[in-house]
Amino acid sequence: MLIYNVTINIDESVHDEWLLWMRDKHIPDMLATGKFSHAKMVKVLVEEDMGGVTYSVQYTTKDRETLQAYYNEDAERLRKDGMALFADKFVAFRTELEVVSQQIP
């Protein structure tokens, strides 16, 4: 299992609009690709020197092939949506994480 993690710092001037867009549009669109089993959005509680509000969005996928299919078939289109709406109001970086262990009591 892999986690496709997107960490985003969003300018406070568009924060509320962006948060609604993420919850109501972008994350559902990501899940609608069929390539992710679920998504988790968390707020980073450490304040950044550059200001803004930082979030981590974690999309779980079953394997590398499925993640690569997302990159090939969906990533460009879905990233353009955010750029069109929030162009210079955010920075994002993406990481791929491999789940090594998961423990549930």
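Inclusion of PRO105 among residues that are part of a loop (DSSP other than H, G, I, E, B), over 20 Å from GLU12 (Cβ atoms) and without any contact (Cβ under 8 Å) to a residue 12 or more places away in the chain is warranted. Looking across the stretch 1-36, the residues that are within 18 Å of ASN72 (Cα to Cα) and loosely packed, with under 15 Cβ neighbours inside 10 Å come down to ASP29, LEU31, ALA32, GLY34. Of all the listed residues (LYS25, LYS35), the sole one being basic (Lys, Arg) and farther than 26 Å from SER101 by Cα is LYS25. Among the conditions (1) under 23 Å from LYS89 (Cβ atoms); (2) in a helix (DSSP H, G or I), the only one that TYR71 does not satisfy is (1). Going residue by residue through the stretch 40-60, is there one that turns out to be of a type in the set (Lys, Arg), in contact with a Phe, Trp or Tyr (Cβ under 7 Å, 6 or more places away or on another chain), open to solvent by 30 Å² or more (accessible area, probe 1.4 Å) and not in a loop (DSSP other than H, G, I, E, B)? Within the stretch 40-60, one or more residues are of a type in the set (Lys, Arg), in contact with a Phe, Trp or Tyr (Cβ under 7 Å, 6 or more places away or on another chain), open to solvent by 30 Å² or more (accessible area, probe 1.4 Å) and not in a loop (DSSP other than H, G, I, E, B).
Residues that are closer than 22 Å to ASN9 by Cβ and open to solvent by 100 Å² or more (accessible area, probe 1.4 Å) were ranked within the stretch 61-82; the one that is modelled with the lowest pLDDT is LYS80. Restricting attention to the stretch 10-45, the residues that are of a type in the set (Val, Ile, Thr), without any contact (Cβ under 8 Å) to a residue 40 or more places away in the chain and within 22 Å of GLN68 (Cα to Cα) add up to 1. Restricting attention to the stretch 83-102 and to residues that are in a loop (DSSP other than H, G, I, E, B) and among the charged types (D, E, K, R), the residue that is farthest from VAL14 (Cα to Cα) turns out to be ASP88. Being assigned to a helix (DSSP H, G or I) and of a type in the set (Lys, Arg) is the filter here, so list the residues in the stretch 1-39 that pass it. Within the stretch 1-39, ARG23, LYS25 meet the criteria.
The values are calculated or read from the model by the stated rules, or taken from the named source; none is laboratory data. Fair warning: this is a prediction, and the values are worked out from it, not measured in the lab. Backbone-built Cβ (ideal geometry, glycine too); neighbour counts: all protein chains shown. Each accessible area value is taken on the protein alone, full model and side chains, heavy atoms only, with ligands, DNA and RNA left out. Shrake-Rupley method; radii C 1.70, N 1.55, O 1.52, S 1.80 Å.
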